[in-house]
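The values are calculated or read from the model by the stated rules, or taken from the named source; none is laboratory data. Remember, predicted model here, so these are calculated numbers, not experimental data. Positions of Cβ are generated from backbone atoms using ideal geometry, with glycine treated the same way; all protein chains shown enter the neighbour counts. SASA here: full protein model, heavy atoms, side chains in, ligands and nucleic acids out. Shrake-Rupley method; radii C 1.70, N 1.55, O 1.52, S 1.80 Å.
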Amino acid sequence: MQAKAIVGGKIVSFKLSPELARAHRANAGRAMTDAEAVACVEKKRRSLALRRAKPYLESRS
């Protein structure tokens, strides 16, 4: 499957791997609600914050 993306203001065409093409087709027409998008971003932010704080938290125990 060929895909296109805007990179540095230019349109770049590239071939998707079969796995990514399958996932792209499976998700066609789907979109996150605003609440789902916020929850996803918050989950990633918390995960990163905990990963960075882990050495500090372990040294405090």
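Just a few scattered comments:
- Stretchable slack from E58 to R46, in nm (0.36 nm times residue separation minus alpha-carbon distance): 2.6 nm
- Hull volume in cubic angstrom per residue (convex hull over the Cα atoms of the chain): 171
- The loop-placed trypsin sites (Lys or Arg not before Pro) in segment 1-51, going by DSSP, that have at most 14 neighbouring Cβ atoms within 10 Å of their Cβ come out as R30.
- On the chain, 59 percent of the accessible area sits on carbon and sulfur atoms, based on a 1.4 Å probe.
- Potential lengthening of the chain between R22 and E36 amounts to 2.8 nm, from the contour at 0.36 nm per residue minus the alpha-carbon distance.
- Counting only protein heavy atoms and a 1.4 Å probe, the chain has 95 square angstrom of accessible area per residue.
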